[in-house]
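So the structure is just underneath, and the comments pick up after that.
The values are calculated or read from the model by the stated rules, or taken from the named source; none is laboratory data. Everything numeric in this text was worked out from a predicted model, so none of it was measured. Here the Cβ positions follow ideal geometry from the backbone for every residue, glycine too, while neighbour counts run over all protein chains shown. All accessible areas refer to the heavy atoms of the entire protein, side chains included, with ligands and DNA or RNA removed. Shrake-Rupley method; radii C 1.70, N 1.55, O 1.52, S 1.80 Å.
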Amino acid sequence: MVISIRIEVRGIANRLARSRTSASSEQQLAQLPTSARTRRHAWQVRELRDSTKGLYAVHDDWLAVRRALPASGRPGTEAFDEPLAESYAEAWHYLDQWAIHGQALFAINALAQKRPKASAPALVTAPPVPKAAPASSAARRWCA
């Protein structure tokens, strides 16, 4: 059980740390008209951004603790597993926020996809060039 939780939390935290989805959603939200729905989504995106920052902080704390472990502090020992469990316990709140509010990212993207695109400006075409009048026989003789 502990091993599967470790793998799951580590995998989720790594994916969240690498993702820039909340920033993309903030950009999409800025382009949508303001409504109660978009205000709610904006709040959810802020929660996700704050949770991601929290996950970064928990991860940095864990790295500092791991560096401070004695050489005997290996996985499977109490010296290693106890601080790791504490780190996971700290991360659960942030992961829970992602579980609660993560769907907002999909909803924002769907709203952005449905939004009518601004029509491209009409291309201005130049008027047709008038055909040159056929040269008279006098003009042809003079040019020749």
- [ ] Take segment 44-92 and flag every residue that is part of a loop (DSSP other than H, G, I, E, B) and hydroxyl-bearing (Ser, Thr, Tyr).
- [x] SER72, THR77
TODO: Sort out which residues of segment 60-91 are within 19 Å of GLU47 (Cβ to Cβ) and either surrounded by 18 or more Cβ atoms within 10 Å (Cβ to Cβ) or in contact (Cβ under 8 Å) with a residue 60 or more places away in the chain (or both), and write them in order of number.
DONE: ALA91
Open item on the list: So for segment 124-134 (the condition being open to solvent by less than 100 Å² (accessible area, probe 1.4 Å), modelled with pLDDT under 90 and closer than 30 Å to GLN27 by Cα), does at least one residue qualify?
Closed with: no
- [ ] Report yes if GLU8 is open to solvent by less than 90 Å² (accessible area, probe 1.4 Å), acidic (Asp, Glu) and modelled with pLDDT under 70, otherwise no.
- [x] no
